[in-house]
Structures are given as C-alpha cells and as structure tokens.
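Peer 1: The structure's right below; bear with me while I get my questions together.
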Amino acid sequence: MVEKESFDLVICDFLMPELNGDVFLVKAREAGFTGSFIMVTAFPNMLDSSRLKPHDVTAILFKPFRAEAMRDAIDKALGQNIAPNIAPNIGP
C-alpha cells in the first residue's frame with residue numbers, strides 16, 4: 001500500500017498476525033516510504049529498538065498509553081500542533 005499511496009504518517013502495532021511492525025517498517029522504507037512512523041506495542045520486551053532506529057521511527061508508545069502521549073507523538077511526527085482535540089479525556 002505504501003508503494004501506491006502517499007502518506008504523511010503510519011501508526012502501526014508491533015505484533016500483527018501476518019507481518020510484525022518492525023518487518024512492515026523495513027519493507028515500507030525499502031519501498032520508498034519517507035513519512036513518519038509511530039510504533040505501538042503492549043510487549044516492550046519483544047521490541048528491539050536498535051532494529052528500528054536506522055529506519056527513523058518517530059515514536060514508540062507502550063500500551064496502555066494516555067491520549068496525550070499519542071497526541072504528542074502525532075504532533076512530533078507531523079512537526080506541528082494539529083491534534084489538540086484527539087480524545088482529550090481518555091485514560092486512567
């Protein structure tokens with residue numbers, strides 16, 4: 001999909017049924033995707049951040065996370081404050 005479409009940002013889970021997020025990231029970069037990439041995971045011990053670093057991951061969020069963390073990651077990824085109203089009251 002990243003080969004045919006132009007995206008500014010991809011938000012991807014680390015563990016997925018057919019293709020883990022780290023493999024997806026590498027394949028997306030190899031296919032020419034240059035946008036920002038946010039990885040989310042509930043299993044930080046399984047994630048090898050050194051494998052992700054060369055592929056320019058904007059942020060890694062560990063579940064559960066507060067809405068503010070996602071909002072901040074999106075702002076960082078897009079380089080501007082465009083997400084001020086995303087789920088402002090969600091979280092423990």
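Coordinate-derived values only; no laboratory data. Please read these numbers as outputs of a predicted model, since none were measured by experiment. In this analysis, Cβ positions are derived from the backbone assuming ideal geometry, glycine residues included, and neighbour counts consider all displayed protein chains.
Peer 1: When the residues of region 13-24 are filtered to those that are out of contact with any Asp or Glu (no Cβ under 9 Å at 6 or more places or on another chain) and in a helix (DSSP H, G or I), which remaining residue is surrounded by the fewest Cβ atoms within 10 Å (Cβ to Cβ)?
Peer 2: Only one residue fits best here, namely VAL23.
Peer 1: Right, here's the next one. Identify, please: which residue in region 25-46 is surrounded by fewer than 18 Cβ atoms within 10 Å (Cβ to Cβ) and hydrophobic (A, V, I, L, M, F, W, C) and is, among those, nearest to LYS63 (Cα to Cα)?
Peer 2: Across region 25-46, the extreme among qualifying residues is ALA42.
Peer 1: Let me ask something else. Within region 37-82, can you find the residues that are assigned to a helix (DSSP H, G or I) and of a type in the set (Gly, Ala, Ser)?
Peer 2: Across region 37-82, the qualifying residues are SER49, SER50, ALA67, ALA69, ALA73, ALA77.
Peer 1: Here is a follow-up. Scan region 1-12 for residues that are crowded, with 17+ Cβ neighbours inside 10 Å and charged (D, E, K, R) and report the count.
Peer 2: 0
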